[in-house]
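Read-outs throughout are calculated quantities, based only on the coordinates presented, and are distinct from any laboratory measurement. Bear in mind that the values here come from a model prediction, so they are computed numbers and not experimental data. Cβ placement follows ideal geometry from the backbone for every residue including glycine, while neighbour counts extend to all protein chains displayed.
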Amino acid sequence: MSEHRHDHPPHHPAHPEGVVPLDPYTFGAEQQCFGCGPHNPVGMRLHFERDGDAVVTRFVPPKGWEGPPGVFHGGLQSTLADEVAGWALVGLLGRMGFTTSLNMRFLRPVRIGVEVEARASVGAHNGNIVALDVTLRQNGRTHAMGTVTFMLPDVDKAGSYLGAPLPEAWRPLFTEK
């Protein structure tokens, strides 16, 4: 199996006023999430920041992640949308949830090798259901948009859903604030 590697945009130590980086180890140092696992060798290894009432990540889709030649695969665009929405729960509400639906509209091709900005904000919050609005932008234009809906279970329901006790680092994120 060949080694998978891709470059991430540089992370600048100084952030614009109001922009706060989110801790990539929120879910523990060893978690292997495809989108945000900091040490997943085949994953996206995304980093997130809170920017006002939104959470943002930037990612350069690497060669080999195409659908049509030169175009970032639509399923992976949906993964990027799901990740930024999930981190918006963490960064804006201090919660973690499980995706119940994801609806994307692809407006124009997202190109391989060109930085994508993914942005999510809370669209609706009704009890334990939260819908987040997501946009994927490239070169200043919206290329995809959608809504990702999450359920916000308590610790017991989350453990039942996973079929195992929650990792200790996750427990506070399943506690209503």
Inset, instruction - Pop out the ³J(HN,Hα) list for segment 47-53 in order, Karplus 6.51 cos²θ - 1.76 cosθ + 1.60 with θ = phi - 60°, rounded to Hz; leave Gly and Pro as x. - result: 10, 10, 9, 8, 10, x, 9
Inset, instruction - Could you work out the relative contact order of the chain, using alpha carbon pairs under 8 angstrom and six or more residues apart, expressed as a whole percent? - result: 19 percent
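Treating only the Cβ of Lys, Arg, Asp and Glu as charged (+1, +1, -1, -1), what charge dipole size does segment 9-117 show about its Cα centre? Round to the nearest 20 debye.
Magnitude of the dipole: close to 340 debye.
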Inset, instruction - Step through the residues of segment 67-79 one at a time and calculate ³J(HN,Hα) from phi using the Karplus curve (6.51 cos²θ - 1.76 cosθ + 1.60, θ = phi - 60°), rounding each to whole Hz and writing x for Gly and Pro. - result: x, x, x, x, 10, 4, 3, x, x, 6, 4, 5, 4
Inset, instruction - Report the paramagnetic label zone for residue 141: residues of segment 37-79 whose backbone N is under 17 Å from a point 7 Å from Cα along the Cα-to-Cβ axis. - result: 70-72
Legend entry - Gain in span if fully extended, residue 103 to residue 154, counting 0.36 nm per residue against the direct Cα distance: 15.9 nm
